Amino acid sequence: MVISMQPNIDAGESHRILIVEDTVISQTLAMMQLKTLGYQADCANHGQEALEMLAQKKYSLILMDCQMPVLDGYAATREIRRLEADGFYLDRFSLGSFPDHIIIVALTASLMSEDREVCIAAGMDDYLSKPVFKEPLAKMLNRWLGG
Ligand SMILES: [Mg+2]
């Protein structure tokens, strides 16, 4: 039996995804899954690095770990939402082509309901439990970015 590893070219052609994660193994796994689904992705090691990368390049969706050194996922999300509200990204990138709300999906180690509440309260849109598996990742991306 041959298992096709061909990326689904249509899936994420116009969408670039930012993975914000301090664990190298989790970064690698998420990168691999996104690549097989046909998405382009970059990695940031913590929230502060993510903020710097977001100021340089347009991303459609962020996979955001919660527990990270320097700046954790909750604080980074609050800062991104503040910058959005201030029009920082709209000023920085061409108006109209940049979403006024970047989709932020929490990567959580557990799926306890209090974690979800903290994620949503911080301004995240959705959550995905770690380790990231291809099927739930594909479903989540399809839900937010379309086919
Ligand atoms: Mg972490």
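Odds and ends about this structure:
- Spin-label pair R78-F93: with each label point 7 Å from Cα along the Cα-Cβ axis, the two points sit 2.4 nm from one another.
- Long-range amide H partners of I103 with built H, under 5 Å: I62
- Computed lengthening from N142 to A121, 0.36 nm per intervening residue step minus Cα-Cα distance: 5.2 nm
- Label-point separation in nm, M32 to K57, each point 7 Å along Cα→Cβ: 2.1 nm
- Karplus-derived 3J(HN,Hα), 6.51/-1.76/1.60, for each residue of the stretch 15-27, Hz, glycine and proline x: 10, 10, 10, 10, 9, 10, 7, 8, 9, 4, 5, 6, 4
- Full extension of the segment from D100 to D42, taken as 0.36 nm per residue of separation minus the current Cα-Cα distance, would add 18.8 nm.
A short reminder: the numbers here are calculations on the coordinates, not readings from a lab. Fair warning: this is a prediction, and the values are worked out from it, not measured in the lab. For neighbour counting, all protein chains shown are included, and Cβ atoms are generated from backbone atoms with ideal geometry for every residue, glycine included.
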